[in-house]
1. Once R0 is set to 22 Å, what does the formula 1/(1 + (r/R0)^6) return for the Cβ-Cβ distance between Glu277 and Asp353, expressed as a FRET efficiency to the nearest 0.05?
2. Would you pull out the residues with amide H under 5 Å of Thr212's amide H, same chain only if 5 or more places away, H placed 1.01 Å from N?
3. Net charge near Arg185, counting Lys/Arg +1 and Asp/Glu -1 over other residues with Cβ under 13 Å of its Cβ?
4. How many percent of the accessible area of the stretch 36-121 is carbon or sulfur, using a 1.4 Å probe?
5. Collect residues whose amide H, placed 1.01 Å from N in the peptide plane, falls under 5 Å from the amide H of Tyr25; neighbours closer than 5 in sequence don't count.
6. Under the definition of Cα pairs under 8 Å and six or more residues apart, what whole-number percent is the relative contact order of the stretch 131-253?
7. Keeping the other protein chains in place, figure out the carbon and sulfur percent of the accessible area of the stretch 161-212, with a 1.4 Å probe.
8. If you plug each phi of the stretch 168-173 into the Karplus form 6.51 cos²θ - 1.76 cosθ + 1.60 with θ = phi - 60°, what whole-Hz ³J(HN,Hα) values come out, in order, with x for Gly and Pro?
Amino acid sequence: EADIVAQYEAYRDDTPEDNAYGFSYRLGDAAKFELLIVDRRLISDAIELDPIELRKYHRVNIESKGYSNDYRVAKSRVELDVRREKTDEIMKSILGAVNNQLVNVQSQLEREDDGRRILPTDWADTRPTFESLAETANAAAATQRIVTPEPVARVLRFDDTWYTREAITNAEEIRLLGLTVQGRRASLANAIMLFPEFEPVNAVPEAQMGVTIGGLDSGSSLRPGDGGFLRLLDVRREGPSTSLDEVREEVERDAKALRGYKALLDRQDEFRERALETEQYAGYVYEVFDDEETTTVATGALVTFYNTVTRTLAPNFISGVDNPELVSALSYEAFARDIIERITGFDPTVQVDSIPSEERFFVIEAPKAQALAFVYVTGRTPVTSETLRLVSRSTTGYLVQRLLESNPEARLRASLDRISVAKRLGYTGFDPDYTLVKDEDEDGNPLN
């Protein structure tokens, strides 16, 4: 337990970038909230279509809808369109009834100078409950003669724990829900994180913790879905966890991994010598510890690396590893750069297989993966114009990004013109006034 506590205290305030191992026990922005959902499917299935009305609809809309003149041919499309339009009307009526109840209460609240509502101290007890709003919705459905096997409105609460953006996105029951924000539809997870309590750049208009807002939907303008309302109950801002119990499982996993990694570091020379003796190199399997609880098996990976300008060693360059998380952890810039530097140190005039194995087999420390990478170079492919073209898009993006990082105020076009490039590369002796495009004739007269 002492090791677990020490691990937690050492990294509880860190972000993954603050330490070599990528450890962090900070908790992200999270929310507790509740939803009122009006089920469109229940309403649509409960609508009874009048045969006479269907024929009339067909006759009136033959041209505008592009129906066949033969009603028997167009019948299925007509039924679909009529059912959709009736469902739209009923949904609008139900959601409108709920909204009217909310307006009657929330419009009475006074506002701060910035427009935020001033919530009474007893607001949590006096505001309309979502159960009462659901009753209003179900009563409105009844007035439309909608009879369903279950209520059309239901309340969903997500207040049992903190829900991060990822947790909201992965919640199966609500993953299709979204909110239209300033003319653009945002997923429910993104919409919640746009509440002013999270201090976003562009907050959802009228959104405020404790105040119910409408506009929730599970479809689009082309394919309408369920509708509903959202109320944010509480927020947790990003920051250090308040107790070990909140992140215990992650801390225990990291502490165990760190013990194993440090043990690997202590014995890496021994492992390298044993691998050279067996001539199995990176494919050699090592049993690092005797006891089962901390046994670490390091499996070699066949690495094919093209010596091109690249930002990361992409996962598809690595094969033979059963643990995809390890591959992902190894695929960061420092690891790729280490391999590049080792390979570029080889004599380019000599075939790789003629280079002594002691030089081709080396160990790279990968602290973020808590692993050692045993690398055995079996080949080298110099960059060609064809290869460069294949990676030109990602390479260009990488170079531009680095350029802008070094000078955020730089104008992109000016930074990439030939004069700027020449200065950046240290070229001298060129004529800055030279141009490939002539703007004067031989006599100095301007060309049109």
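1. Working: r = 19 Å, r/R0 = 0.88.
Calculated value: 0.70.
2. Here the answer is none, since no amide H 5 or more places off falls under 5 Å of that of Thr212.
3. Working: positive: Arg184, Arg223; negative: Asp217.
Residues near Arg185 contribute +1 overall.
4. 46
5. Asp14
6. Normalised by residue count, the contact order of the stretch 131-253 is 15 percent.
7. About 47 percent, which is the carbon plus sulfur part of the accessible surface.
8. 5, 4, 8, 6, 4, 5
The values are calculated or read from the model by the stated rules, or taken from the named source; none is laboratory data. Since the structure is predicted, the reported quantities are computational estimates derived from the model, not experimental observations. Counting neighbours? That spans all protein chains shown, and the Cβs are built from the backbone with ideal geometry, glycine included. The area values use the complete protein model at the heavy-atom level, side chains included, leaving out ligands, DNA and RNA. Shrake-Rupley method; radii C 1.70, N 1.55, O 1.52, S 1.80 Å.
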